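Only one structure is covered here, and it is reproduced in the block below.
The values are calculated or read from the model by the stated rules, or taken from the named source; none is laboratory data. In this text, all values refer to a predicted model and were calculated from it rather than measured experimentally. With ideal geometry, Cβ positions are generated from the backbone for all residues, glycine too; neighbour counts draw on all protein chains shown. These accessible areas exclude ligands, DNA and RNA; they are computed on the full protein's heavy atoms, side chains included. Shrake-Rupley method; radii C 1.70, N 1.55, O 1.52, S 1.80 Å.
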Amino acid sequence: MNQAGLITGASAGIGKALAHEHAKRKRDVILVARREEALNKLAKELSDQYGIETMVIAKDLTEAGACQSIYQEITTAGIALDYLFNNAGFGGHGNFHERDIQSDLKMVDLNIKAVLELTHPFVKDMVKRGRGKILNVSSTAGFMPGPLQATYFATKAFVNSWSQAINEELQGTGVTVTALCPGAVNTEFAEVAKLDQADMFKNAKSAEYTAAKGYEAMEAERLKVISEPSLNFAIKALFPFVPMRSKLKQVKKLQTL
């Protein structure tokens with residue numbers, strides 16, 4: 001494969017858009033998600049449109065051994081991964097004490113544990129070869145606590161912190177890590193999280209816009225990118241001066257149905 005990129009959560013939304021961003025540069029793709037039929041359809045679409053090589057791996061990343069299995073399948077095929085897009089993730093709406101704890105634990109497994117498990121063996125190989133780029137799809141949610149999505153916001157705070165820390169650890173190796181931090185994006189995420197009617201999704205950006213911003217930032221080897229200029233300004237210039245209680249109330253209001 002040529003400049004192979006693995007995209008998790010590739011069957012829809014930002015993951016699908018990232019697959020197009022990678023493929024249109026004549027770079028081959030490895031598509032990972034649970035829905036094999038959707039992946040096969042996307043693989044054919046990318047192959048026909050861009051003339052690239054594709055590989056489909058249908059896996060649930062929350063299942064024990066899934067990440068190790070993916071790594072083994074790719075290395076056994078003799079593929080050297082040059083790009084890793086950790087995109088798979090989900091959220092969930094409601095008061096923490098009223099939510100199903102198993103759903104939140106599965107959220108942690110996908111949004112955090114799977115990212116670590118999948119990245120670890122691939123980044124070791126990238127360091128050995130002296131090249132590689134990793135894009136972790138995080139969120140502006142990671143810059144603040146999130147009442148009514150407490151666990152989701154916390155998982156993205158982890159991804160933001162972890163991504164920047166390992167980027168620094170990798171200085172001089174030829175491998176970089178970038179965190180993509182979008183605001184609301186018009187994907188099935190909102191429907192799954194039961195937030196599609198919330199105020200925060202009224203002006204959601206497209207998956208294609210968000211993926212393009214993330215891909216450009218990764219290519220430029222940036223630490224992180226907040227894909228919406230207005231949110232970038234608010235987080236950097238305004239939020240530091242707003243009392244935490246006020247921020248909590250505002251975030252809760254935006255997510256109230």
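Condition first: in contact with a Gly (Cβ under 8 Å, 6 or more places away or on another chain) and open to solvent by 20 Å² or more (accessible area, probe 1.4 Å). Can you find one or more residues in the range 25-42 that meet it? Checked the range 25-42: at least one residue is in contact with a Gly (Cβ under 8 Å, 6 or more places away or on another chain) and open to solvent by 20 Å² or more (accessible area, probe 1.4 Å). Can residue 215 be described as of a type outside the set (Lys, Arg), within 28 Å of residue 175 (Cα to Cα) and either open to solvent by less than 20 Å² (accessible area, probe 1.4 Å) or touching a residue at least 24 places away in the same chain (Cβ under 8 Å) (or both)? For residue 215, the condition - of a type outside the set (Lys, Arg), within 28 Å of residue 175 (Cα to Cα) and either open to solvent by less than 20 Å² (accessible area, probe 1.4 Å) or touching a residue at least 24 places away in the same chain (Cβ under 8 Å) (or both) - is met.
Taking the criterion of being surrounded by fewer than 18 Cβ atoms within 10 Å (Cβ to Cβ), not small (Gly, Ala, Ser) and not in a helix (DSSP H, G or I), the residues of the range 173-191 that qualify are 173, 186.
Can you spot a residue in the range 145-165 that is outside any helix (DSSP H, G or I), closer than 16 Å to residue 84 by Cα and among the aliphatic types (A, V, I, L, M)? Let's see the steps before the verdict.
Within the range 145-165, the first condition is being outside any helix (DSSP H, G or I), and the residues that meet it are 145-149.
Then keep just the ones that are closer than 16 Å to residue 84 by Cα; that gives none.
No, the range 145-165 contains no residue that is outside any helix (DSSP H, G or I), closer than 16 Å to residue 84 by Cα and among the aliphatic types (A, V, I, L, M).
Filtered by the rule that a residue be farther than 24 Å from residue 184 by Cα and not in a helix (DSSP H, G or I), the range 68-99 gives 77, 78, 79, 80, 81, 82, 83. Could you look through the range 95-134, keep only residues that are acidic (Asp, Glu) and farther than 22 Å from residue 215 by Cβ, and pick out the one that is surrounded by the fewest Cβ atoms within 10 Å (Cβ to Cβ)? By that ranking, first place goes to 98. Filtered by the rule that a residue be free of Cβ contacts under 8 Å to residues at least 60 places away in the same chain, touching a Ser or Thr at 6+ places or on another chain (Cβ under 8 Å) and open to solvent by less than 50 Å² (accessible area, probe 1.4 Å), the range 53-90 gives 54, 61. Within the range 228-238, the set of residues being within 24 Å of the chain's Cα centre (by Cα) and surrounded by fewer than 19 Cβ atoms within 10 Å (Cβ to Cβ) comprises 229, 230, 231, 232, 233, 234, 235, 236.
Under the condition of being part of a loop (DSSP other than H, G, I, E, B) and without any contact (Cβ under 8 Å) to a residue 40 or more places away in the chain, which residue from the range 1-24 is most open to solvent (accessible area, probe 1.4 Å)? Write out each step before concluding.
Of the residues in the range 1-24, the ones part of a loop (DSSP other than H, G, I, E, B) are 1-4, 9-12, 24.
Then keep just the ones that are without any contact (Cβ under 8 Å) to a residue 40 or more places away in the chain; that gives 11, 24.
Details: 11: 22, 24: 103 Å².
Of everything passing the filter in the range 1-24, 24 is most open to solvent (accessible area, probe 1.4 Å).
The residues of the range 141-172 that are closer than 16 Å to residue 235 by Cβ, over 13 Å from the mean Cα position of the chain (by Cα), at pLDDT 95 or above and open to solvent by less than 50 Å² (accessible area, probe 1.4 Å) amount to a single one, 153. Every condition in (1) open to solvent by 50 Å² or more (accessible area, probe 1.4 Å); (2) of a type outside the set (Gly, Ala, Ser); (3) outside any helix (DSSP H, G or I) is met by residue 225 except one, and the failing one is (1). Is it true that residue 138 is buried (at least 17 other Cβ atoms within 10 Å of the Cβ), of a type outside the set (Asp, Glu) and modelled with pLDDT of 95 or more? Yes.
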